[in-house]
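Sharing a structure, written as structure tokens. Questions coming.
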Amino acid sequence: MDYAAQFRRETRAFEIAVRRAAEESASDGVPLVPSCPGWSVTDLMFHLGSVHRQTMRVITEGLREPPGGFDSASRRPPAVGAGWPEPERAPNRGPLPGALVDWFTEGATALAELFAVRDPAEPVWSWSREQSVGFWQRTGTIEAAVHRWDAEHAIGVARPVERHLAAEAVTHTFEVMAPARRAWRTAPAGQGERLRFKQADGFRIWVVQLDPEEVLLNQGSGCCEVELTATASDLALFLWHRISTDGLGVRGDASLLDRYFKLVPPL
């Protein structure tokens, strides 16, 4: 997958959604983001732009240790862009400064260019077991797509995540995000629950087993207690705690889908 091209498309769409939010709500203040409780569109832009700049720092400096001030429990980077409103003071609903949008665009453009020229195998620090530039290329693109959806959802025009990227996001969720989320939050031990996630617009199937300490993907045999069938985009958005199962295909014990978020707490 050409992550640099996907990242460029998603961040451009994010910018368009934010500018539209600012224009349509000039007198009322920027809208809140329903899928990111307590944040406005301004807060969301500041968060994503800060992450982009910290990612650039990790790659360009070839860091092998966490950046100074990095909070591993929340993945929050140090404050970037002095003077801009920070998520801790959210929600910021005043007029969206045009300079903040320009700041975001500058960072997103620079990171897309960096993604395009760096070797995915190049070793650098990450908060995951995968210590490489490729981790940041994939993670950054998925996060951009999810937050693009957040921004569009805030103004009522949310479009699905591109199918192939969404399928990557599902795998990434189970292989990377789920173990990390269990480590960062207080989570009960799994009891061997087995869940099947089936792609309705493709042929991918993910079988997940939640053991006491591990999240196992496509391992072992046996029946699953629940199956969720949906498009790759809806599966990814569900797993990122953006949408419910309403309108999706559920077979078996639906309560296990709720339990999943107790075993794998949302960020």
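How about the range 218-240: which of its residues are exposed (fewer than 15 other Cβ atoms within 10 Å of the Cβ) and under 17 Å from Val170 (Cα atoms)?
Scanning the range 218-240 gives Asn218, Gln219.
Do you know which of the residues in the range 179-194 that are within 21 Å of the chain's Cα centre (by Cα) and farther than 15 Å from Val146 by Cβ is surrounded by the most Cβ atoms within 10 Å (Cβ to Cβ)?
The residue in question is Arg182.
Report yes if some residue within the range 249-256 is in contact with a helix residue (DSSP H, G or I) (Cβ under 7 Å, 6 or more places away or on another chain), open to solvent by less than 30 Å² (accessible area, probe 1.4 Å) and hydrophobic (A, V, I, L, M, F, W, C); otherwise report no.
There is no residue in the range 249-256 that is in contact with a helix residue (DSSP H, G or I) (Cβ under 7 Å, 6 or more places away or on another chain), open to solvent by less than 30 Å² (accessible area, probe 1.4 Å) and hydrophobic (A, V, I, L, M, F, W, C).
To continue, here is another question. Can you tell me which residue in the range 1-52 is farthest from the chain's Cα centre (by Cα), limited to those that are crowded, with 22+ Cβ neighbours inside 10 Å and of a type in the set (D, E, K, R)?
By that ranking, first place goes to Asp43.
Looking at (1) touching a helix residue (DSSP H, G or I) at 6+ places or on another chain (Cβ under 8 Å); (2) in a helix (DSSP H, G or I), find the lone condition where Ala178 falls short.
It fails just one condition, (1).
Follow-up question, since we're still on this one. Scan the range 126-155 residue by residue and report those that are over 23 Å from Gln219 (Cα atoms), outside any helix (DSSP H, G or I) and either open to solvent by 10 Å² or more (accessible area, probe 1.4 Å) or free of Cβ contacts under 8 Å to residues at least 12 places away in the same chain (or both).
Matches in the range 126-155: Trp127, Gln131, Ser132, Ile155.
Here's something else I'd like to know. Mind listing whichever residues of the range 12-37 are within 18 Å of Arg242 (Cβ to Cβ), in contact with a helix residue (DSSP H, G or I) (Cβ under 8 Å, 6 or more places away or on another chain) and not hydrophobic (A, V, I, L, M, F, W, C)?
Pro31, Pro34, Ser35
What is the number of the single condition among (1) open to solvent by 40 Å² or more (accessible area, probe 1.4 Å); (2) in contact (Cβ under 8 Å) with a residue 40 or more places away in the chain; (3) under 20 Å from the mean Cα position of the chain (by Cα) that Ala158 does not meet?
(2)
Separate question: Would you pick out the residues in the range 151-164 that are within 24 Å of Glu113 (Cβ to Cβ) and either modelled with pLDDT under 95 or out of contact with any helix residue (DSSP H, G or I) (no Cβ under 6 Å at 6 or more places or on another chain) (or both)?
Glu162, His164
The values are calculated or read from the model by the stated rules, or taken from the named source; none is laboratory data. Being a predicted model, the structure only gives us computed values, none of them experimental. Using ideal geometry, Cβ is built from the backbone for each residue, glycine included, and neighbour counts are taken over all protein chains shown. All accessible areas refer to the heavy atoms of the entire protein, side chains included, with ligands and DNA or RNA removed. Shrake-Rupley method; radii C 1.70, N 1.55, O 1.52, S 1.80 Å.
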